[in-house]
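Each remark here refers to the structure printed beneath this line.
The values are calculated or read from the model by the stated rules, or taken from the named source; none is laboratory data. Just so we're clear, the structure is a prediction, and the values are computed from it rather than from any experiment. Neighbour counts run over all protein chains shown; Cβ positions are idealised from the backbone, glycine included.
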Amino acid sequence: MKKFLLPLLICPACLPEEQELDCVIESEQEDDILDGTLACTGCGATYPIRRGLAFLDPAQTVDGIPQNRYESPAVVSSYLWSHFGDLLGDENASDAYLRWAALMQPCQGPCLDIGGAVGRFAFEMAAKCGPTIGLDNSVSFIRTARQLMKNRGLVFDLAVEGKISRRVSLALPSNWPTQNLEFVVADALALPFKSHTFSAVASLNLVDKVPLPKKQLEEGNRVAKLKDAQFLVSDPFSWSVDVAREEDWLGGSEKGPLAGRGHENVEALLNGGKNSLQPAWKTRDKGQIWWKIRTHENHYELIRSCFVKAAR
């Protein structure tokens, strides 16, 4: 974990109170903490740093990778293709991450990519913002993103068909900066960062994947600066009771305070009014971006993600 994160961090278990974390460094390399412990000055909770990876989600440990689909090598490979297929020269690749990044204005302040998976949006934003942090609760995603950041490339297996795969080599463009970039394991519903920290915040394809969608937006809003800030929310709004109760959805229902379409309700929450995010945001752009997930050479999933770009 790079040292530039230290002054930004708080204990996620203590929220809404904001308790700072003390860091004990066991080993380091230049500006990177390889092994150590972050300890809460309030509740005493500890968060390990192992091999450069900071575990800032109270539910995660270094003892083992959780057993869910986002941790499997096949899913990591699919997301690497989804994020970086264009860098592999694949004619079927999507330009979604380039289009999402183009919606954001350059800024000198910090940028946070919430639920950023294997990191493409964070890599893009590091070239146009100040310190940039990618965050996900998938250990495999964050470990892969850090490996790509540290080595400026990686080799992985891409499924062809059945048990047939091929090895591909992914290299970052030489003009992509990584010195101001970091990735951490954390929970989108309890962000381990001080309030009013980030000049740019993004939540891409995440709102419908968390048990409390409004809480996820509230956390993004909390850590965004009170002014001179931008917030990008983009989602397919594929609501499921396997993830969140219907009464907690931000759309997709014909009754309740958030009946109707998800993208319209997200825009209303951003723009102010009763039970909305405060201080209010103003919509700067909205629309749809198509993106892809690749399962194997003959199977792709095409997804339309509706976005709202707002500023205050």
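Details
- Residue match in segment 138-156 (condition: assigned to a loop (DSSP other than H, G, I, E, B) and buried (at least 21 other Cβ atoms within 10 Å of the Cβ)): yes
- Considering residues of segment 228-251 that are over 30 Å from Leu8 (Cα atoms), touching a Phe, Trp or Tyr at 6+ places or on another chain (Cβ under 7 Å) and not small (Gly, Ala, Ser) only, the residue surrounded by the fewest Cβ atoms within 10 Å (Cβ to Cβ): Trp239
- Selected residue (criterion: nearest to Ile293 (Cα to Cα)) from residues of segment 76-106 that are without any contact (Cβ under 8 Å) to a residue 12 or more places away in the chain and within 19 Å of the chain's Cα centre (by Cα): Asp95
- Restricting segment 280-310 to residues that are touching a helix residue (DSSP H, G or I) at 6+ places or on another chain (Cβ under 9 Å) and of a type in the set (Ser, Thr, Tyr), the residue that is farthest from Trp100 (Cα to Cα): Thr295
- Residue match in segment 43-59 (condition: assigned to a helix (DSSP H, G or I), without any contact (Cβ under 8 Å) to a residue 40 or more places away in the chain, hydrophobic (A, V, I, L, M, F, W, C) and surrounded by 13 or more Cβ atoms within 10 Å (Cβ to Cβ)): no
- Leu38 being touching a residue at least 12 places away in the same chain (Cβ under 8 Å), under 26 Å from Asn151 (Cβ atoms) and not in a helix (DSSP H, G or I): yes
- Segment 117-137, residues that are more than 19 Å from Arg69 (Cβ to Cβ), among the charged types (D, E, K, R) and crowded, with 24+ Cβ neighbours inside 10 Å: Arg120
- Leu277 being more than 30 Å from Thr46 (Cβ to Cβ) and either in contact with a helix residue (DSSP H, G or I) (Cβ under 8 Å, 6 or more places away or on another chain) or not in a loop (DSSP other than H, G, I, E, B) (or both): yes
- When segment 260-312 is filtered for residues that are closer than 25 Å to Ala229 by Cα, in contact (Cβ under 8 Å) with a residue 12 or more places away in the chain and aliphatic (A, V, I, L, M), the ones remaining, listed by number, are Val266, Leu269, Leu270, Leu277, Ala280, Ile289, Val308, Ala310, Ala311.
- Being outside any helix (DSSP H, G or I), buried (at least 16 other Cβ atoms within 10 Å of the Cβ) and not polar (S, T, N, Q) is a property that does not hold for Leu5.
- Checked against (1) among the small types (Gly, Ala, Ser); (2) assigned to a loop (DSSP other than H, G, I, E, B); (3) crowded, with 17+ Cβ neighbours inside 10 Å, Gly89 passes all but a single condition, namely (3).
- The set of residues in segment 26-42 that are surrounded by 15 or more Cβ atoms within 10 Å (Cβ to Cβ), in contact with a Ser or Thr (Cβ under 9 Å, 6 or more places away or on another chain) and not polar (S, T, N, Q) comprises Ile33, Leu34, Asp35, Gly36, Leu38, Ala39, Cys40.
- No other residue among Val160, Val139, Val168, Val155 is without any contact (Cβ under 8 Å) to a residue 60 or more places away in the chain and either among the aliphatic types (A, V, I, L, M) or farther than 15 Å from Gly52 by Cα (or both) apart from Val155.
- Of all residues in segment 188-227, those that are farther than 15 Å from Lys309 by Cα, touching a Cys at 6+ places or on another chain (Cβ under 9 Å) and either surrounded by fewer than 23 Cβ atoms within 10 Å (Cβ to Cβ) or not hydrophobic (A, V, I, L, M, F, W, C) (or both) total 1.
- Lone unmet requirement of (1) farther than 30 Å from Arg312 by Cα; (2) hydroxyl-bearing (Ser, Thr, Tyr); (3) modelled with pLDDT of 95 or more; (4) touching a Pro at 6+ places or on another chain (Cβ under 9 Å) for Thr61: (3)
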